[in-house]
Amino acid sequence: MTSTRSLRVAIVGAGPAGIYAADILSKTDLDVSIDLFERLPAPFGLVRYGVAPDHPRIKAIINALHKVLSKGDVRLLANVNYGVDLKLEDLRQYYDAVIFSTGAIKDAALPIPGIDLDGSYGAADFVSWFDGHPDVPRTWPLEAKEVAVLGAGNVALDVARILAKHPKDLLVTEIPANVQAGLEASPVTDVHVFARRGPAQVKFSPLELRELGHVPDVDIVVYPEDYDFDEGSMAAIEATNQTKQVVKTLTDWTLVEPSQQTASRRIHLHFLHSPVEVLGEDGKVVGLRTERTALQGDGTVKGTGEHHDWPVQAVYRAVGYFGSPLPEIPFDDLKGVISNREGRVVDLDGEHLPGVYTTGWIKRGPVGLIGHTKSDASETVRHLVEDVTGASADSDEPGDLTGGRTAPHGDPQQIVDFLAERGVDVVTWDEFSVLDAHEIGLGEAAGRERIKVVPRDEMIDVAKGRG
């Protein structure tokens with residue numbers, strides 16, 4: 001161990017949060033060597049596996065992330081599962097600091113009766129299926145004619161749109177072949193989206209909502225009786241242009257004459273309906289019970305005691321994501337995040353675990369957009385630099401740029417040898433680039449954007465040039 005070697009930093013999780021942290025850290029004054037670990041054989045996290053395939057505009061974020069990893073100053077070590085292939089004590093042997101950016105991929109709980117019935121699903125699991133996540137089954141039970149989606153955010157819109165959209169209109173996207181086949185067999189005619197509050201309180205983005213109205217042969221139905229505003233609603237509309245645009249789009253849909261709605265499929269948007277029970281029969285979903293809510297003047301709602309039963313055969317909850325605990329890392333079970341203070345991981349006594357940091361959704365919870373992810377990463381990296389150099393936040397001095405070298409094994413090859421000894425089939429950036437080119441080639445041959453390779457073993461074999 002010597003103070004003259006590069007500072008060694010491991011980042012666990014190669015989604016946007018981890019890649020942005022690596023990019024920001026590489027641009028500091030530190031002489032730093034960065035390894036980016038990823039559990040899956042492919043990087044990019046929720047941008048690859050959490051964005052609907054018919055949203056290439058959002059997926060274009062991958063292009064920016066691709067440039068970061070293409071520069072060569074950050075090393076990708078994919079197909080390495082933290083907690084299985086290595087743990088914190090292992091990482092601390094080879095790295096002076098570790099940043100966890102593992103995101104939040106589980107569905108948040110919705111504790112209402114019947115939520116565990118057959119036919120009740122988490123939206124995150126469904127998104128993973130239609131995005132070709134290698135860890136989910138290749139098939140999905142699409143047997144319902146009428147479906148309920150619970151939630152008032154963009155994920156709820158994604159789920160509703162993919163369920164209602166005719167599969168032929170997805171052929172130009174990167175949708176995997178097994179997903180295309182599954183959707184082709186779906187008998188769905190009506191998808192009902194339920195929001196607990198009013199139209200001025202939903203979290204839809206204006207663009208996502210407008211795109212919903214352009215899905216071929218799918219009508220959008222908004223009910224005037226669900227359309228209410230209070231003083232808090234009016235204040236929200238005046239406060240942000242985004243809310244104003246969302247309300248205008250919804251208002252326009254309330255004015256459409258029913259006689260003009262002749263599509264073979266429909267997406268119904270219901271406001272002021274709070275789900276209270278998933279109804280079942282013989283262990284399967286047969287309906288949803290909601291309670292009518294009423295605005296209270298400040299944009300909040302309370303139940304009215306008036307209930308409605310809706311005949312549906314499947315229910316998807318899109319009420320948010322939730323983080324998963326990691327071995328040896330302090331975790332806040334209520335918030336679903338790693339216990340931290342501005343990115344410094346802290347123990348039960350609130351003391352910083354030396355050399356351990358976090359960023360992204362696993363740091364702050366599953367809220368915010370890419371801009372928040374960048375500012376998150378900047379804050380975490382700033383504290384890491386302060387800790388290893390001894391510089392204070394309010395000082396113009398860089399501190400000791402050769403400080404913080406604590407790992408006993410600082411040679412970058414040593415972690416590679418360690419993983420090889422454990423039989424881990426590591427996928428590097430160059431190898432992923434082979435897989436990336438293969439997917440694009442499959443898409444070009446079929447006249448599509450790309451065709452995603454789905455099974456994990458097949459992804460690795462393509463990347464490694466095997467078979």
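The values are calculated or read from the model by the stated rules, or taken from the named source; none is laboratory data. Given the structure is predicted, the values throughout are model-derived calculations rather than measurements. Neighbour counts run over all protein chains shown; Cβ positions are idealised from the backbone, glycine included. Calculation scope for accessible area: heavy atoms of the full protein, side chains included, ligands and nucleic acids excluded. Shrake-Rupley method; radii C 1.70, N 1.55, O 1.52, S 1.80 Å.
Numbers at a glance
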{"item": "For segment 188-297, alpha-carbon Rg over 2.2 N^0.38 Å", "result": "1.15"}
{"item": "Acute angle (nearest 10 degrees) that the helix 61-70 long axis makes with the longest principal axis of the chain, alpha-carbon atoms", "result": "10"}
{"item": "Protection proxy ranking, peptides 259-265, 75-81, 450-456, average beta carbon neighbours within 10 Å, highest first", "result": "75-81, 450-456, 259-265"}
{"item": "Computed over segment 385-467, the ratio Rg/Rh where both radii use C-alpha atoms and Rh is Kirkwood", "result": "1.26"}
{"item": "The chain - mean residue ellipticity at 222 nm from DSSP helices (-39,500 (n - 2.57) per run, n ≥ 4, rounded to 500)", "result": "-9500 deg cm²/dmol"}
{"item": "Calculated log₁₀ intensity ratio I(q)/I(0) where the Debye formula runs over C-alpha points of segment 282-417, q = 0.19, 0.21, 0.22 Å⁻¹", "result": "-1.20, -1.25, -1.27"}
{"item": "Principal-axis tilt of helix 154-164 within the chain, Cα atoms, nearest 10 degrees", "result": "60"}
{"item": "Euclidean distance of C-alpha centroids, segment 1-38 and segment 232-274, integer Å", "result": "45"}
{"item": "For peptides 240-246, 216-222, sequence by mean Cβ density within 10 Å, most packed first", "result": "216-222, 240-246"}
{"item": "Helix axis angle, 370-389 relative to the chain longest principal axis, alpha carbon, degrees", "result": "20"}
{"item": "Centre separation in Å (Cα based) which lies between segment 331-384 and segment 424-447", "result": "32"}
{"item": "Asp116 accessible area, 1.4 Å probe, all protein chains in place, Å² to nearest 10", "result": "140"}
{"item": "Segment 1-126, Rg to Rh (Cα coordinates; Rh as Kirkwood inverse mean 1/r)", "result": "1.07"}
{"item": "Average silhouette area of segment 214-254, convex hull of alpha-carbon atoms, in square nanometres", "result": "3.3"}
{"item": "Given (i) 28.9; (ii) 23.4; (iii) 24.8, the label whose value is mean projected area of the Cα convex hull in nm² derived from this model", "result": "(iii)"}
{"item": "Percent carbon-and-sulfur accessible area, segment 379-435, ignoring ligands, DNA and RNA, probe 1.4 Å", "result": "48"}
